[in-house]
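The values are calculated or read from the model by the stated rules, or taken from the named source; none is laboratory data. No experiment lies behind these values; they were computed from the predicted model shown. Neighbour counts are summed over all protein chains in view; Cβ atoms, including those assigned to glycine, are modelled from backbone coordinates with ideal geometry. Heavy atoms of the whole protein, side chains included, go into the accessibility calculation; ligands, DNA and RNA do not. Shrake-Rupley method; radii C 1.70, N 1.55, O 1.52, S 1.80 Å.
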Amino acid sequence: MSDADVLSRQKSSRGRVFEDFSLGEVIEHASPRTIGDGEVSIYHALTGNRFTLQVSDPFARDVGYHAAPVDDFLVFNMVFGQSVPDISSNAIANLGYAEVDFLSQLYVGETVRARSEVIGLKENSSGETGVVYVRTEGLDARGTPVLRFVRWVMVPTRAGAAAKGASGAAGESIPPLAAQVAPLTIPRHRLNKFWSDRDTGSPHRWEDYEAGEKIDHLSGVTVEEAEHMMATRLYLNNSHTHFDGHAMKSTPFGRRVVYGGHVISIARALTHNGLANACIVSAIHGGRHANPTFAGDTLYAWTEVLEKQELDRRQDIGALRLRTTATKNLPCAGFPRLPETKGAKKTPESEAIVLELDYTVILPRR
Amino acid sequence: MSDADVLSRQKSSRGRVFEDFSLGEVIEHASPRTIGDGEVSIYHALTGNRFTLQVSDPFARDVGYHAAPVDDFLVFNMVFGQSVPDISSNAIANLGYAEVDFLSQLYVGETVRARSEVIGLKENSSGETGVVYVRTEGLDARGTPVLRFVRWVMVPTRAGAAAKGASGAAGESIPPLAAQVAPLTIPRHRLNKFWSDRDTGSPHRWEDYEAGEKIDHLSGVTVEEAEHMMATRLYLNNSHTHFDGHAMKSTPFGRRVVYGGHVISIARALTHNGLANACIVSAIHGGRHANPTFAGDTLYAWTEVLEKQELDRRQDIGALRLRTTATKNLPCAGFPRLPETKGAKKTPESEAIVLELDYTVILPRR
Amino acid sequence: MSDADVLSRQKSSRGRVFEDFSLGEVIEHASPRTIGDGEVSIYHALTGNRFTLQVSDPFARDVGYHAAPVDDFLVFNMVFGQSVPDISSNAIANLGYAEVDFLSQLYVGETVRARSEVIGLKENSSGETGVVYVRTEGLDARGTPVLRFVRWVMVPTRAGAAAKGASGAAGESIPPLAAQVAPLTIPRHRLNKFWSDRDTGSPHRWEDYEAGEKIDHLSGVTVEEAEHMMATRLYLNNSHTHFDGHAMKSTPFGRRVVYGGHVISIARALTHNGLANACIVSAIHGGRHANPTFAGDTLYAWTEVLEKQELDRRQDIGALRLRTTATKNLPCAGFPRLPETKGAKKTPESEAIVLELDYTVILPRR
């Protein structure tokens, strides 16, 4: 190996393997991004998001905001994306996320950056892989946290199976994770005084929903390679699984995989038909990408209302805990669900489910 | 059917059928949209629009505008799109539009909303479908109309053929429609003092065109699924025919159809080569989407000057009434036209025509 | 031929052939374009550019700019694109460019226009084609040059082979072209005081690079039709080779070709991994599009440091002359190169190379 080769390896990053993480380490991610009007418009053009609070300045001002706030999931995906080069470049699997707490709204012109703390490490029994848990924060330019979440990924070890146990990680450290975000972060704005159901397109306020209610969002949207790649670049996520069609040919998938966060954004946009007043996302309690989504797949979604929550000292708004299920190439009239037991037999239905998202939205009350 | 199912049907909308419309009803459409810099840029990147007035702020200011105005067809498509969930979600056919009157220019940062009045209803003889006529207005945030048009669509009845005549619609009511917009809405700005042919790329002013003149716009542009879906989301049009590739497989088309308004926008952009000084659209008198456009089709266009109009007390500008014909996969050197008679035999030429648009543009005079 | 046909030919432009150029002629190109926030965002979403100076306003302000400057290659491609309708609509080949000098930074809201001077003309021996050399300038709204470059293209003659030598061009006039831009244009801003390696994502400053060093940028990105067409429209380049899939079927390529300038932009974005502090481009000394890129190709890149240059009276920054090689469907771990001799046998490696770009970047010093 020549000197130049060695230098090369030092300059361009292949991302981290299991041994490169240490418990308690704080990683400041690169690429702070100013969210301009263009970023927001591209997001809407790629996801079909039409929640009125995010697309109409006059509506947003009428209900107490400076201007239309940036969509919560765009912020989520950008913060997630900024963390990818350091955390999950080499991820074999994005195992899950939890405790996603939307702390405040961002506006056009603000800049978001991200940092992560390693809060858990667990080498797998094979010695070939390990699980890394991080708590990631999105911060505005003044350093105020706007978003916080935990995610965990499976990454390879450098040592490999041959050196089982030799990864240097100090044993097992799995962080306790809350089954739900509590207490919820509640918007400080008083919302409903000028809230216009005419503008949102739905007469259904918080009072109109009930636990157990199921909503088929009806519409389907086919995803194209160009779309998910543009979105994923917008999110600053540069994982090769989404972009490198040549390399992906020699994987079991045989092709590029749509970034799961973009699937969430599309599912969220689909929920507009049935939940048009649910303009604010407060928290994601958990999420599961049950199957991969590929270009050419058509996504559908349905939602079950899991819980209806009054909010302390707030007569203007209420919360709904929802589980939105997104499918590929299967309309949701039958309300398909993943089997509850892990080892359950695969069915065409369970194979069609690409996402289950457990989250809480805020709606105006009457 | 469970209670939850019933609730579900109440929350997400399947759109209206014939019986849901009543004559004289005014429908305020949801989703007012702030047109930011991003929306405008995406429009240009997707259509190839290069009319100088819409893309250069200094040029626009020199000729008397505050800034580059938003493209007329972007406004048209957004207003149209906002009306889709209420008017044409279930449309079997978009039969036509008329009396499209561009009342004033919009600028970046303004918000457009839409409302429609039902001005005609006609149940078809089969009882299975009916035609709905609406007059739709686009309004800015202060409620000033910026655009007005009539369109009519064929929608199914709820009653169906079995209940012929029972749709409840009070007989036949077909509104009178003008064969052309008159008088024309004329821009108040005095245009030509600093109008720069160097900047627009054409020395041809109003005086240089003659009735009967034919212009082949030469260029062809292939349309991709990702492009037309991004554009159609930008326009807020959420009709499943444009997005749901899975459902469209079981239709005679077998695939997604490109939204006709996007075809108009592309045709308009193609006319730049030959009509580069025609930066302002005053009216659309009528339009016909003769055949569907699909992803992979290459669009071409040619224009015939139908009429040359002087404008009262305006020596700075003149009007041209044009008919632009757009084709798919057929260059327009032979100036292809639709047969004038309705039942005429189909020819490869007539099958290639996707659009005939009869409209009036404003050009500077010398 | 009817009068209308004749008129038609006068209104829409087929672009220039060899005889239409005359030495010393200055062509003012049409379509001045205001670069808004949207244009910049679309550029980043299409190229994956993540150089921090161009995407973060706070970072840019900290190091002395008003705001994040517009990416140098976006400006280059827009100026190039504006010149296409006049210079290279009919180009059989874009033979090369040289002396690309980035004179100053543009900011969002500024308007760029272009003009070209014909500096060389050479009819080829067949009489069927000729080479046109132009020096093109990009200017801001005040007329200040922001960018200057030379390019040369092969275009057909009107006379054709039958009239060899009769093209009317006054013999051979090949302009002298510098092998490199010298002296370099150096940013006036003092850069490194608040330069944050944390934000750029790389600890590697100017001092850390050495002549002869090779950097594999590792990532691959597949290009889609929708993406390159959106980008090419953004750049205002309307050459039919990039858009007209129908016409391109009957060419040897059989399909649309990705615009070479977009390949440069993608290659530049790929270099971020290994050169993240190289946020400023000073000059392009030469470039070679060795093979065409088509939709579906996956692009990779590697860079050799050709020269390390100190800059007069500047302790804050230094220059690196680089040669970036981009390939299609071939990762760059083996550092593939084009054969030095022109007639060398084609190899799978040389066939995979789509770009060699010789250019100079500015990096902060410690």
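If amide H atoms are built 1.01 Å from N in the plane of the peptide, which residues on other chains or at least 5 residues away come under 5 Å of the amide H of residue C:297?
Result for residue C:297 returns C:223.
Just counting partner chain Cβ atoms within 10 Å, what average do the residues of peptide C:25-32 show around their Cβ?
Mean partner-chain Cβ count within 10 Å for C:25-32: 5.
With every atom except the alpha carbons ignored, what do you get for Rg and Dmax of chain A, in angstroms?
Reported Rg and Dmax, both Å: 20.8, 72.
Take the Cβ-Cβ distance between residue B:28 and residue C:347 as r, set R0 to 56 Å, and report the resulting FRET efficiency rounded to the nearest 0.05.
0.25
Taking 0.36 nm per residue of separation and subtracting the Cα-Cα distance, what length does fully extending residue B:177 through residue B:307 add?
The residue B:177-residue B:307 span can extend by a further 44.8 nm.
Give the calculated FRET efficiency between residue C:20 and residue A:188 to the nearest 0.05, with a Förster radius of 60 Å applied to their Cβ-Cβ distance.
It comes out at approximately 0.35.
Sorted from largest to smallest, which semi-axis lengths in Å does the alpha carbon gyration tensor of the stretch B:170-303 give for its equivalent ellipsoid, taking the root of 5 times each eigenvalue?
32, 22, 14
With 31 Å as the limit, write out which pairs from B:346/C:249; B:214/B:346; A:122/A:214 have Cα-Cα distances beyond it, or answer none.
Pairs exceeding the cut-off: A:122/A:214.
Could you state the angle between the C-alpha long axis of helix B:225-234 and the longest principal axis of the C-alpha atoms of chain B, as a value from 0 to 90 degrees rounded to the nearest 10?
90
Under 10 Å, Cα contacts only: if you run a Gaussian network model on chain A, which one of A:32, A:175, A:348 comes out with the highest mean-square fluctuation?
A:348
For peptide C:41-54, how many partner chain Cβ atoms fall within 10 Å of a residue's Cβ, on average?
Across C:41-54, the average partner-chain Cβ count within 10 Å equals 6.
Would you tally the net charge around residue A:229, using a Cβ to Cβ cut-off of less than 11 Å, leaving residue A:229 out, and scoring K and R as +1, D and E as -1?
Charge balance in the 11 Å sphere: -4.
Taking 8 Å as the Cα distance limit and 6 or more residues as the minimum spacing, I'd like the relative contact order of the stretch C:4-87 as a percentage.
It comes to 32 percent, rounded to a whole number.
Along the stretch A:11-24, what does the Karplus equation 6.51 cos²θ - 1.76 cosθ + 1.60 (θ = phi - 60°) give for ³J(HN,Hα), rounded to whole Hz, x for Gly and Pro?
Values, residue by residue: 8, 9, 9, 9, x, 8, 9, 3, 5, 7, 9, 9, 4, x Hz.
Against the longest principal axis of chain A, how steep is helix A:260-270, in degrees 0 to 90 to the nearest 10, with axes from Cα atoms?
10
Give the accessible surface of the protein assembly as shown per residue, rounded to a whole number of Å², with probe radius 1.4 Å and ligands, DNA and RNA excluded.
Per residue, the protein assembly as shown has 36 Å² of solvent-accessible surface.
Please turn the phi angles of the stretch B:77-91 into ³J(HN,Hα) values with the Karplus equation 6.51 cos²θ - 1.76 cosθ + 1.60 (θ = phi - 60°), one per residue in order, whole Hz, x for glycine and proline.
5, 5, 5, 4, x, 5, 7, 4, x, 8, 9, 10, 3, 9, 4
Per DSSP H run of at least 4 residues, take -39500 (n - 2.57); add these up for the protein assembly as shown, divide by its residues and hand me the 222 nm value, nearest 500 deg cm²/dmol.
-6000 deg cm²/dmol
Relative contact order of the stretch B:189-366, please, whole-number percent, based on alpha carbon pairs below 8 angstrom and at least 6 residues apart.
That works out to 32 percent.
Rounded to the nearest 100 Å², what's the accessible area chains A and B bury against each other, both chains counted, probe 1.4 Å?
Summed over both sides, the interface buries about 3300 Å².
Using a 1.4 Å probe over the heavy atoms of the protein chains, calculate the carbon and sulfur portion of the accessible area of the protein assembly as shown as a whole percent.
Carbon and sulfur together cover 50 percent of it.
What is the sum of charges around residue C:324, taking Lys and Arg as +1, Asp and Glu as -1, for the other residues whose C-beta is under 9 Å from the C-beta of residue C:324?
My count for the surroundings of residue C:324 gives -1.
Hand me the trypsin sites (Lys or Arg not before Pro) from the stretch A:40-148 located in a DSSP loop with no more than 10 other Cβ atoms within 10 Å, in residue order please.
Passing both the DSSP loop test and the Cβ count: A:142.
Under a GNM of chain C (C-alpha, springs under 10 Å), which listed residue has the highest mean-square fluctuation: C:356, C:137, C:224?
Evaluated over chain C, the most mobile residue of the options is C:224.
Under a 5 Å amide H to amide H cut-off, with H placed in plane at 1.01 Å, what residues pair with residue C:92 once short-range neighbours are removed?
C:154, C:155
Among B:323, B:198, B:337, which one shows the highest mean-square fluctuation when chain B is modelled as a Gaussian network with alpha-carbon springs under 10 Å?
B:198
Starting from 0.36 nm per residue, how many nanometres of slack lie between residue B:207 and residue B:117 once their C-alpha separation is accounted for?
Extra length available between residue B:207 and residue B:117 comes to 28.4 nm.
When the Karplus curve 6.51 cos²θ - 1.76 cosθ + 1.60 is applied with θ = phi - 60°, which whole-Hz ³J(HN,Hα) does each residue of the stretch B:122-137 get, with x for Gly and Pro?
Whole-Hz 3J(HN,Hα) from phi for the stretch B:122-137: 8, 6, 7, 5, 5, x, 7, 9, x, 10, 10, 10, 10, 9, 10, 10.
Average partner chain C-beta neighbours within 10 Å, per residue of B:229-237?
Average neighbour count from other chains, rounded to a whole number: 5.
Taking 8 Å as the Cα distance limit and 6 or more residues as the minimum spacing, I'd like the relative contact order of chain B as a percentage.
19
Please report the Cα spread of the protein assembly as shown along all three principal axes, rounded to whole Å, starting with the longest.
86, 83, 47
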